[in-house]
Amino acid sequence: MKVLVTGSSGLIGSEAVEHYDRLGYEVHGMDNNMRREFFGEKGDTLWNLRRLQAGTSNFTHHPIDIRDRSAVMEFFRAHPFDLVIHCAAQPSHDRAGAIPLDDFDVNAVGTLNLLEATRQHAPEAVFIFMSTNKVYGDAPNELPLVEKETRWEYARPEDFGGISESCRIDQCLHSLFGASKVAADVMAQEYGRYYGLRTGIFRGGCLTGPNHSGVELHGFLSYLVKVAARGDTYRVFGYKGKQVRDQIHSADVVSAFDAFAANPRPGEVYNLGGGRDNSASVLECFAMLESRLGREVKWEYDEQNRTGDHICYISDLSKLQADYPEWKITRSLNDIVDEVLDAELAAAGEVRRK
């Protein structure tokens, strides 16, 4: 089996590379380290590429820019893939506003290039697109909320399970990143519904894990852990630090891809996050880290929330679990925090007292 992973040096991409390499598949990665261009030195993923090259047996890296249509087409012409996992993206709300053309070209046009290359040269392949919950814009903020001591919470019992795929994706404020991902999301659906390509669209919640090159503009939990472990100051943007996110480990993301690839439903959309059990507010994450580090997390507050940001977002996983009952969350929030923190401390030559 031949697998292509775009964004292969990123969090989900590298997890997918390692997973399919362990299975003995021929794995090709497409990544030109644009994260460094977007976020500077701290976003550089070269360290992760080197880790993959040292630790895999069947992985080949290709520094191809997904915006380069002719290069993408030529690459697909030479490699008849069975599975395409598309994770490459410009992933930041805030950065998109400063680089709208680059953002759209990477997120929307790059995705179209890959879809069309798959249709022309690998029409039987399964194509998995890593979308985002930001396609819903700020529509989730319209749900009635109540303010608790440490978090915002859904006010109505019927909303307890979180945001479902029925939430609208238009007539709301997205950020330009959210809008470019909407374009890619809908195009991936259309290639499934119109052309019959075996596309699956996964709208990620807060994806995380120890291999994330988290920065302030993208990678909430990874970045927070880095700041806390180093004793630096974390900046909270609005909502009193009570905004809620559901964390999902990259390994559980890839296992959902596996489930879909084994039984694809062309053009289907799935929310993919940690769900209710893995949800936490920023303040609650501070408390989790403080209990592990034995000291307070230093932070400052900016009353201005990020444009189009969610106040309380929990992924409703019921559709995914109904269609793929073998899939489940295997890493709890506590497990995730422990793993990410231990990896960060190890990188600094420290060991956490347990």
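Kindly establish whether I12 is touching a residue at least 60 places away in the same chain (Cβ under 8 Å), under 22 Å from the mean Cα position of the chain (by Cα) and more than 23 Å from D252 (Cβ to Cβ).
No: the conditions fail for I12.
Are any residues in region 274-304 farther than 18 Å from V225 by Cβ and outside any strand (DSSP E or B), and if so, which ones? Talk me through it step by step, then tell me what you get.
Taking region 274-304 as the starting set, the residues that turn out to be farther than 18 Å from V225 by Cβ are 275-277, 301-304.
Those that are farther than 18 Å from V225 by Cβ and outside any strand (DSSP E or B): G275, R276, D277, E303, Q304.
Could you please let me know if E344 is more than 30 Å from P144 (Cβ to Cβ), at pLDDT below 95 and assigned to a helix (DSSP H, G or I)?
Judged against the criteria, E344 is a match.
Name every residue in region 67-98 that is crowded, with 22+ Cβ neighbours inside 10 Å and in contact with a strand residue (DSSP E or B) (Cβ under 6 Å, 6 or more places away or on another chain), in order of residue number.
Correct list: F81, L83, V84, I85, H86, C87, A88, P91, S92.
Those residues that are surrounded by fewer than 21 Cβ atoms within 10 Å (Cβ to Cβ) and either at positive phi or aromatic (F, W, Y) (or both), I need them from region 249-268; list them, please.
Correct list: G267 only.
If you scan region 218-238, which residues turn out to be crowded, with 19+ Cβ neighbours inside 10 Å and in contact with a helix residue (DSSP H, G or I) (Cβ under 8 Å, 6 or more places away or on another chain)?
Matches in region 218-238: H218, G219, L221, S222, L224, V225, K226, A228, A229, Y234, V236.
Return the only residue of T330, T307 being assigned to a loop (DSSP other than H, G, I, E, B), within 17 Å of P210 (Cβ to Cβ) and either out of contact with any Asp or Glu (no Cβ under 9 Å at 6 or more places or on another chain) or touching a residue at least 60 places away in the same chain (Cβ under 8 Å) (or both).
From the options T330, T307, the qualifying one is T330.
Is it the case that region 55-63 has a residue that's more than 30 Å from E124 (Cβ to Cβ) and at pLDDT 95 or above?
yes
Please name all residue pairs, on different chains or six or more residues apart, with Cβ atoms under 8 Å, provided the first residue is in region 24-41 and is without any contact (Cβ under 8 Å) to a residue 60 or more places away in the chain and the second residue is among the aromatic types (F, W, Y) and crowded, with 17+ Cβ neighbours inside 10 Å.
That search, which allows pairs on different chains as well, returns V27/Y20; V27/F59; H28/F59; H28/F81; G29/F59; M30/F75.
Mind checking whether some residue in region 309-317 is of a type in the set (G, A, S), surrounded by fewer than 15 Cβ atoms within 10 Å (Cβ to Cβ) and modelled with pLDDT of 95 or more?
no
Could you grab me the full set of residues in region 1-47 that are touching a Pro at 6+ places or on another chain (Cβ under 9 Å), modelled with pLDDT of 95 or more and surrounded by fewer than 24 Cβ atoms within 10 Å (Cβ to Cβ)?
K2, N32
S131 is checked against (1) in a loop (DSSP other than H, G, I, E, B); (2) in contact (Cβ under 8 Å) with a residue 60 or more places away in the chain and fails just one. What number does that condition carry?
(1)
Which numbered condition in (1) surrounded by fewer than 21 Cβ atoms within 10 Å (Cβ to Cβ); (2) at pLDDT 95 or above is the only one that Q243 fails?
The one condition Q243 does not meet is (1).
Out of all the residues in region 187-232, which are in a loop (DSSP other than H, G, I, E, B), within 21 Å of the chain's Cα centre (by Cα) and not polar (S, T, N, Q)?
G205, G209, P210, H212, G214, E216, L217, G219
The values are calculated or read from the model by the stated rules, or taken from the named source; none is laboratory data. Treat the numbers as computed from the prediction; the structure is a model and nothing was measured. We place every Cβ from the backbone using ideal geometry, glycine too, and count neighbours over all the protein chains shown.
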